[in-house]
Amino acid sequence: MTGPRTLRLVLLALSAYFLISVAQAREMVSVSRPELNMRSGAGTDHEVVWVLARGYPLQVVARQGNWLKVRDFENDEGWVYRPMTGRTPHMIVKSQVANIRSGPGTRNRIVGKAEYGEVLRTLENRGGWAKIRNEGGLTGWVSRSLLWGW
């Protein structure tokens, strides 16, 4: 039996699922300046704990005015000044070495390598693969399982 009550319950369940999914989505930013200080608190009076390079991807975990509490791929947390971040997608290599391939798949030729902690510009995502460009301009594909970011 399907009636108005059943339909309302289904719509309510779908709405709840959608809201939970949206709330759990990762908000990401990347460093938009040549360097950005990650601080121990929200403000310039707090200690600098890391200096991050352009493109470095960060997950936003909290906000306080113009400051963002962020987490990096190693789960280090700190605060950055929001106007020095942007929405250009980047990834960082989380494995010791990642093969950069000519296409999305292990059967494609290896055209280069990226090392742990290297920041890569994200150009496209396709399945379990990311098309990237490194600092030297090399473009290719890397398995998403070896990367962190967006």
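The values are calculated or read from the model by the stated rules, or taken from the named source; none is laboratory data. Since the model is a prediction, treat every value here as computed from it, not as a measurement. For the accessible areas, the whole protein counts, side chains as well, though only heavy atoms, and no ligand, DNA or RNA atoms are used. Shrake-Rupley method; radii C 1.70, N 1.55, O 1.52, S 1.80 Å.
Over segment 72-134, the reciprocal of the mean inverse Cα-Cα separation, the Kirkwood hydrodynamic radius, stands at 13.3 Å. A convex hull fitted to the Cα coordinates of segment 16-150 yields 112 cubic angstrom per residue. Shown are Glu74, Glu47, whose ranking by accessible area with a 1.4 Å probe and every protein chain present, most to least, is Glu47, Glu74. Rounded to the nearest 10 Å², what accessible area does Ser145 show when all protein chains are kept and the probe is 1.4 Å? Accessible surface of Ser145 is approximately 80 Å².
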